[in-house]
Amino acid sequence: MLDLGRLRALHAVSVHGSVAAAAAALGYTPSAVSQQITKLERETRTTLLERRGRGVALTEEARHLATTAEELLAIVERAETTLEERRGQPTGRLTVGAFASAARGLLPGVLAELALRHPGLDVRLQEVDPHLSIDLVARGMIDLAVAHDWDIAPLPAPDGVEQAVIGDDQCDVLVPEGHPLAARTTVRREDLAHERWITQPPGTVCHDWLTRTLRAAGCEPDIAHQAEENHTQLALVAAGLGIAMIPRLGRGPLPVGVRAVALEPVPMRRLYALWRTGAARRPAVTTAVETLLRHWPAAERA
């Protein structure tokens, strides 16, 4: 009989691409995941991981087994959902993935309320890029995702994944205090053609939105500095090294030397909660989504 926990570890390596990333997603140490895979190899008498440079890769047999593991985990989830639904109370573990500013500006209050009101529910938060979170939900690696899209880049939800709109997050142009645009109340996209930009690295949603928006206005952005964290971008703006486009959620008070200028038309990103259709009846999911919606107005004003 194959051990479900070991299959879960193999599935996590398949989804996340490495033992370390799988361990982070499961809340284990890398050595614990490696031990689970080693035991599964003995159990199946099959080599499942091969060395590739400094990392590992799944063998063909492992990829087939990981596909079977995904099917088994889906069956287990349905059984757990049925039991939780019959109890009528949110219980068990709920893994939530959220992008950085939502994890900072929205989730703390949500998680605190869930812990207070539902002590039988064990909620675990992971910071996940929106590009990745939907696939993680679809493949059963996280139970609920808080993701976002932009007005020019809609967020696709694949079959088997449901979503609810949480709210809209406005974005501002942030400039150094002495910048020529700092005295303006509003600017248009055409006004930003020759600026030096500070933004997230390529491949992130915010970077893609900035480049597509400015190219649509007929200018190629001059990206001078790249930083993952909004607070790092703000520090670079305060030092006079460029301007940035940063949403309000989780941004906090602006540092000394930085001014916010409204952009017309106003850029918005829309926040969504996403979950698997098979878990839609689970009280833990429905309660978490309701709590997210209830907390959004306060997070939006912060």
Using only DSSP helix segments of four residues or longer, with each worth -39500 (n - 2.57), what per-residue ellipticity at 222 nm results for the chain after dividing by its residue count and rounding to 500?
-13500 deg cm²/dmol
Which whole-number percent gives the relative contact order of the range 1-137, counting Cα pairs below 8 Å spaced six or more residues apart?
20 percent
In whole Hz and in residue order, list the ³J(HN,Hα) couplings for the range 34-39 that follow from phi through the Karplus curve 6.51 cos²θ - 1.76 cosθ + 1.60, θ = phi - 60°; x for Gly and Pro.
4, 5, 5, 5, 4, 5
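Shape of the range 1-66 from its Cα gyration tensor (a ≥ b ≥ c, root eigenvalues): rounded if a/c is under 1.5, otherwise prolate when a/b > b/c, or oblate? All intermediate terms of the calculation are to be shown ahead of the outcome.
On the way: a/c = 1.57, a/b = 1.12, b/c = 1.39.
Oblate, because a/c is 1.5 or more while a/b does not exceed b/c.
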Note on the chain: contact order normalised by length, alpha-carbon pairs under 8 Å, 6 or more apart, percent, works out to 22 percent
Trypsin sites (Lys or Arg not before Pro) in the range 137-227 lying in a DSSP loop, each with at most 15 other Cβ atoms within 10 Å of its Cβ, come to ARG184
Size of electric dipole in the range 260-302: Cβ of Lys, Arg +1 and of Asp, Glu -1, about Cα centre, debye, nearest 20:
260 debye
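Per residue, how much accessible area does the chain show when a 1.4 Å probe rolls over the protein heavy atoms, in square angstrom? Intermediate values should be presented prior to the final figure.
Working: 14790 Å² over 302 residues.
Roughly 49 Å² per residue, with all protein chains present.
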Karplus 3J(HN,Hα) series, Hz, for the range 247-260 with 6.51 cos²θ - 1.76 cosθ + 1.60 (x for Gly, Pro)
x, 7, 4, x, 6, x, x, 6, x, 4, x, 10, 10, 9
Would you please give the residues with an amide H less than 5 Å from that of LEU49, counting only those at least 5 places away or on a separate chain, with H modeled from the backbone geometry?
THR59
The long-range amide H neighbours of GLN200, using H built 1.01 Å from N in the peptide plane and a cut-off of under 5 Å, are HIS207, ALA227
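To the nearest 20 debye, what charge dipole does the chain have about its Cα centre, counting +1 at the Cβ of each Lys and Arg and -1 at the Cβ of each Asp and Glu?
Numbers: 33 positive and 37 negative charges, 115 e Å.
Charge dipole of the chain: 560 debye, to the nearest 20.
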Gaussian network model of the chain, springs between alpha carbon atoms under 10 Å - residue of GLY250, GLY140, GLY240 with greatest fluctuation
GLY240
Please compute the Cα-Cα pair-distance distribution of the range 1-159 with 5 Å bins starting at 0, giving whole percents from short to long.
1, 8, 15, 18, 19, 16, 12, 7, 3, 1, 0
Rounded to whole Hz and in sequence order, give me ³J(HN,Hα) for the range 70-82 from the Karplus expression 6.51 cos²θ - 1.76 cosθ + 1.60, θ = phi - 60°, writing x for Gly and Pro.
4, 5, 5, 5, 5, 5, 4, 4, 4, 5, 5, 4, 4
Pair SER18, GLN226: separation of 7 Å Cα→Cβ label points (nm)
1.7 nm
With Rg and the Kirkwood Rh both taken from Cα atoms, where does Rg over Rh land for the range 90-215?
1.06
Rounded to the nearest 5, what % of DSSP beta bridges with both residues in the chain are antiparallel?
60 percent
Whenever you get a sec, compute what percent of the accessible area on the range 1-116 sits on carbon and sulfur atoms (1.4 Å probe).
52 percent
If I build a Gaussian network model for the chain, linking alpha-carbon pairs within less than 10 angstrom, which residue out of GLN35, GLN233, GLN200 has the largest mean-square fluctuation?
GLN35
Let me check I have the definition right: for the chain, take the eigenvalues of the Cα gyration tensor, multiply each by 5, take square roots. What are those semi-axes in whole Å, largest first?
40, 24, 16
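How much length is gained on full extension from MET1 to GLU190, taking 0.36 nm per residue of separation minus their Cα-Cα distance?
Details: separation 189, 0.36 × 189 = 68.04 nm, distance 6.43 nm.
Stretched out fully, the MET1 to GLU190 stretch lengthens by 61.6 nm.
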Given unit charges at Cβ for Lys, Arg (+) and Asp, Glu (-), the dipole magnitude of the range 198-291 about its Cα centre in debye, nearest 20, is 480 debye
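Report the gain in length on full extension from THR29 to ARG45: 0.36 nm times residue separation, minus Cα-Cα distance, nm rounded to one decimal.
On the way: separation 16, 0.36 × 16 = 5.76 nm, distance 2.42 nm.
Separation in residues times 0.36 nm, less the Cα-Cα distance, equals 3.3 nm.
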Rounded to the nearest 10 Å², what accessible area does MET141 have for a 1.4 Å probe in the complete protein model?
20 Å²
Taking K and R as +1 and D and E as -1, what net charge do the other residues with C-beta under 13 Å from the C-beta of LEU192 add up to?
-2
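The values are calculated or read from the model by the stated rules, or taken from the named source; none is laboratory data. Bear in mind that the values here come from a model prediction, so they are computed numbers and not experimental data. Every residue, glycine as well, gets a Cβ built from its backbone with ideal geometry; the counts of neighbours run over all protein chains shown. Accessible surface areas use protein heavy atoms only, side chains included; no ligands, DNA or RNA. Shrake-Rupley method; radii C 1.70, N 1.55, O 1.52, S 1.80 Å.
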